[in-house]
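**Student:** Before I ask anything, here is the structure I am working with.
The values are calculated or read from the model by the stated rules, or taken from the named source; none is laboratory data. This is a predicted model, so every value here is computed, not measured. No Cβ is skipped: glycine too gets one built from the backbone with ideal geometry, and neighbour counts run over all protein chains shown.
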Amino acid sequence: MSQIQKSQAELLYEAQQRKARQFRTNVAISWAALLGFLIFLFNGPIQIDSEFMKRSAPFIAGGIGQTFYISVLSIGLAICLALLAALGRLSTFPPFYALSTFYVSLIRGTPLYLQIFFFFLALPQLGIVLPGLFAGVLALGLNYGAYMSETFRAGISSVNKGQRESAMALGMTPQQTMQRIVLPQALRFAIPPMGNDFISMTKDSALVSATGFVHEIMWRATRVGRAEFNNLEALIIAATFYWIITLILTFFQNRLETRLAKGDR
Amino acid sequence: MMPIIQISNLDKYFGRLQVLKKISVEVAPREVVCIIGRSGSGKSTLLRCINFLEEPSFGTIEVDGIKVEAGEKGKGHRQLVHDIRLKTGMVFQEFNLFPHMSVIENVIEGPVTVKGMNRAKAIELAEENLDSVGLLFKKDEYPNRLSGGQKQRVAIARALSMEPKVMLFDEPTSALDPELIGEVLNVMKKVAKEGMTMLVVTHEMGFAREVADRVLVMADGEIIEDAKPSMLFTQPKDPRTKALIDRYRTGER
């Protein structure tokens with residue numbers, strides 16, 4: 001006659017699931033509404049030159065490659081520097097320790113914007129002229145390296161003391177212990193924050209445009225925007241590109257994090 | 001017979017606190033020596049001084065003919081410490097398996113990285129040792145999938161794969177659930193039977209009584225009694241030993 005009665009636990013669980021589903025749906029609807037409102041604003045109350053946008057979007061998009069290129073090179077440099085600085089910070093050899101803390105202190109004590117100008121504008125005064133891209137990568141890499149060294153140091157310190165001891169008891173040298181036992185475990189802790197740093201880097205790379213030598217997204221946007229006095233439109237296009245890049249990178253970052261969380265800890 | 005471990009006049013300070021006071025002790029080859037004592041008596045520190053996980057402040061340590069003076073520095077000293085570590089295997093209270101390596105990788109790590117042993121040969125040796133602790137079937141698992149008792153048995157196999165002359169056990173069952181202690185003690189008994197020289201810091205009085213050739217009792221950084229278990233557990237000389245044994249007997253730790 002009637003179906004088999006569901007147990008109390010099942011009913012409660014289903015209610016919980018329903019609630020969570022409802023929340024997610026409502027959030028999605030609200031997002032869509034906010035986005036729709038933005039689009040509406042630029043199509044009605046705020047006058048924008050859509051003909052200009054169509055015309056200059058491909059030109060600005062041409063900078064995406066450069067933005068990526070700078071970010072990848074800079075993050076590579078930053079990881080190498082961060083690793084060295086973190087090892088220096090944990091070193092018992094005074095000059096190495098001093099060099100590391102000096103570097104981190106100097107870079108963290110001055111603005112990134114200033115550092116970028118230093119490499120473009122101040123160095124030529126000393127007769128050192130770096131190619132535009134190279135100077136930008138150097139500035140961003142040095143800056144992010146200093147901040148990331150803290151992430152690495154925390155990762156290395158978070159590896160249990162017992163791990164080092166059992167490696168030493170097996171007869172491993174300090175170098176072998178670091179390479180084979182400590183660093184692989186430390187990197188695992190450091191990978192999610194490194195992903196965040198890379199995402200920030202793609203946006204901070206826009207600062208490099210200020211020097212006018214690297215033709216990435218921001219440089220192109222300000223150039224066409226100023227030329228035709230369509231700054232609003234140009235910046236909207238650039239913002240859209242940055243946002244989409246960030247969304248894509250965040251998606252992969254989340255997947256990486258879930259995979260690491262699932263892995264054998 | 002020549003002792004395989006010879007500790008003479010060993011002092012150890014932590015800051016201003018003296019935790020080992022003029023310790024002198026010898027261990028013969030194939031001997032199983034248990035070290036008991038209340039926490040803070042210096043028993044773990046003594047064990048960790050033997051392979052220089054703790055640097056002794058004064059005194060000498062000799063293991064299988066390799067003699068190291070405390071407090072020396074430099075390359076020669078480091079080489080001697082390395083040589084001593086090759087002669088000693090250690091098992092820790094917290095297992096300390098490498099979590100990023102599978103069981104078999106844990107066990108071959110020492111032979112391959114430290115001794116430069118050929119990988120195939122190291123795997124053969126590791127499988128032999130894993131088999132003898134009864135965990136060959138877990139060789140491809142990662143440590144986080146093992147129980148505490150299984151982890152400790154892998155840790156024993158890992159130490160044995162370096163083919164040490166002496167095994168040091170630092171409270172090997174203290175971090176285990178009571179029902180898992182037996183499997184680890186059984187493996188240790190097996191290792192003892194095969195003729196390994198063993199130093200065991202432990203709270204397991206049953207194990208000390210049954211397996212040990214000698215029991216050292218430590219208190220306040222000194223060895224207050226050194227006797228065969230049959231003597232020690234029936235006729236303790238020092239009142240502190242008697243108090244210690246009585247505490248275990250009433251089940252209080």
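**Student:** Among the residues of segment B:107-154, write down those that are within 13 Å of another protein chain (Cβ to nearest Cβ) and within 21 Å of A:THR173 (Cβ to Cβ).
**Tutor:** Hits for segment B:107-154 are B:VAL107, B:ILE108, B:GLU109, B:GLY110, B:PRO111, B:VAL112, B:THR113, B:VAL114, B:LYS115, B:GLY116, B:MET117, B:ALA122.
**Student:** Sort through A:SER105, A:SER100 and tell me the only one that's in a helix (DSSP H, G or I) and crowded, with 20+ Cβ neighbours inside 10 Å.
**Tutor:** Details: A:SER105 fails: crowded, with 20+ Cβ neighbours inside 10 Å.
Within the list A:SER105, A:SER100, the selection yields A:SER100.
**Student:** From (1) more than 29 Å from the chain's Cα centre (by Cα); (2) surrounded by 10 or more Cβ atoms within 10 Å (Cβ to Cβ); (3) part of a loop (DSSP other than H, G, I, E, B), pick out the condition that doesn't hold for A:GLN5.
**Tutor:** For A:GLN5, the failing item is (2).
**Student:** Check segment A:72-82 and report whether any residue there is without any contact (Cβ under 8 Å) to a residue 60 or more places away in the chain and part of a helix (DSSP H, G or I).
**Tutor:** Here is the first cut: in segment A:72-82, the ones without any contact (Cβ under 8 Å) to a residue 60 or more places away in the chain are A:72.
Pick out the ones that are also part of a helix (DSSP H, G or I) and you get A:72.
The answer is yes, given that some residue of segment A:72-82 is without any contact (Cβ under 8 Å) to a residue 60 or more places away in the chain and part of a helix (DSSP H, G or I).
**Student:** Every residue in segment A:152-176 that is among the hydroxyl-bearing types (Ser, Thr, Tyr) and either surrounded by 20 or more Cβ atoms within 10 Å (Cβ to Cβ) or within 10 Å of chain B (Cβ to nearest Cβ) (or both), please. Even if it seems obvious, please write down each step before you answer.
**Tutor:** Step one: list which residues in segment A:152-176 are among the hydroxyl-bearing types (Ser, Thr, Tyr), which gives A:157-158, A:166, A:173.
Within segment A:152-176, A:SER166, A:THR173 meet the criteria.
**Student:** Sticking with this one: Enumerate the helices (runs of 4 or more DSSP H) found wholly within segment A:109-201, keeping only those where 1 or more residues are farther than 30 Å from B:ASP170 by Cα, within 19 Å of the chain's Cα centre (by Cα) and in contact (Cβ under 8 Å) with a residue 24 or more places away in the chain. Explain how you work it out, then say what you get.
**Tutor:** Numbers: elements: A:112-117, A:132-157, A:161-169.
Correct list: A:112-117, A:132-157.
**Student:** A further question on this structure: Name the residues in segment A:88-97 that are assigned to a helix (DSSP H, G or I) and either in contact with a strand residue (DSSP E or B) (Cβ under 8 Å, 6 or more places away or on another chain) or free of Cβ contacts under 8 Å to residues at least 12 places away in the same chain (or both), would you?
**Tutor:** Taking segment A:88-97 and keeping what is assigned to a helix (DSSP H, G or I), we get A:88-89, A:94-97.
Scanning segment A:88-97 gives A:PRO94, A:PRO95, A:PHE96, A:TYR97.
**Student:** Okay, next question. Take segment A:156-199 and flag every residue that is modelled with pLDDT of 90 or more and among the β-branched types (Val, Ile, Thr).
**Tutor:** If the condition is that a residue be modelled with pLDDT of 90 or more and among the β-branched types (Val, Ile, Thr), then A:ILE156, A:VAL159, A:THR173, A:THR177, A:ILE181, A:VAL182, A:ILE199 are the ones that fit.
**Student:** Another question, then. Given B:THR197, B:THR241, which one is buried (at least 21 other Cβ atoms within 10 Å of the Cβ), more than 14 Å from every other protein chain (Cβ to nearest Cβ) and modelled with pLDDT of 95 or more? Before the answer, list the steps.
**Tutor:** Values: B:THR241 fails: modelled with pLDDT of 95 or more.
After ruling out the rest, the residue left standing is B:THR197.
**Student:** Only residues that are more than 8 Å from chain A (Cβ to nearest Cβ), of a type in the set (D, E, K, R) and within 25 Å of B:ALA157 (Cβ to Cβ): list them for segment B:55-100, please.
**Tutor:** B:ASP64, B:ASP83, B:LYS87, listed by residue number.
**Student:** With respect to B:VAL200, is the statement that it is touching a Cys at 6+ places or on another chain (Cβ under 8 Å), in a strand (DSSP E or B) and not basic (Lys, Arg) true?
**Tutor:** Numbers: touching a Cys at 6+ places or on another chain (Cβ under 8 Å): yes; in a strand (DSSP E or B): yes; not basic (Lys, Arg): yes.
Answer is yes for this residue.
**Student:** Something else: Looking at (1) among the hydrophobic types (A, V, I, L, M, F, W, C); (2) surrounded by fewer than 22 Cβ atoms within 10 Å (Cβ to Cβ); (3) assigned to a helix (DSSP H, G or I), which one does B:LEU46 not meet, given that it meets all the others?
**Tutor:** Answer for B:LEU46: the failing condition is (2).
**Student:** Return the residue satisfying two criteria in turn: it lies in segment A:177-186 and is within 11 Å of chain B (Cβ to nearest Cβ) and crowded, with 16+ Cβ neighbours inside 10 Å, and of such residues it is nearest to B:ARG48 (Cα to Cα).
**Tutor:** Initial filter on segment A:177-186 (within 11 Å of chain B (Cβ to nearest Cβ)): A:177, A:179-186.
Retained after the next criterion (residues that are crowded, with 16+ Cβ neighbours inside 10 Å): A:177, A:180-183, A:185-186.
Working: A:THR177: 18, A:ARG180: 23, A:ILE181: 20, A:VAL182: 21, A:LEU183: 25, A:GLN185: 25, A:ALA186: 26 Å.
Selected residue: A:THR177.
**Student:** Which one of these does B:MET162 not meet: (1) modelled with pLDDT of 95 or more; (2) in a loop (DSSP other than H, G, I, E, B); (3) away from every other protein chain (no Cβ under 14 Å)?
**Tutor:** Evaluating B:MET162 over (1) modelled with pLDDT of 95 or more; (2) in a loop (DSSP other than H, G, I, E, B); (3) away from every other protein chain (no Cβ under 14 Å) leaves (3) as the failure.
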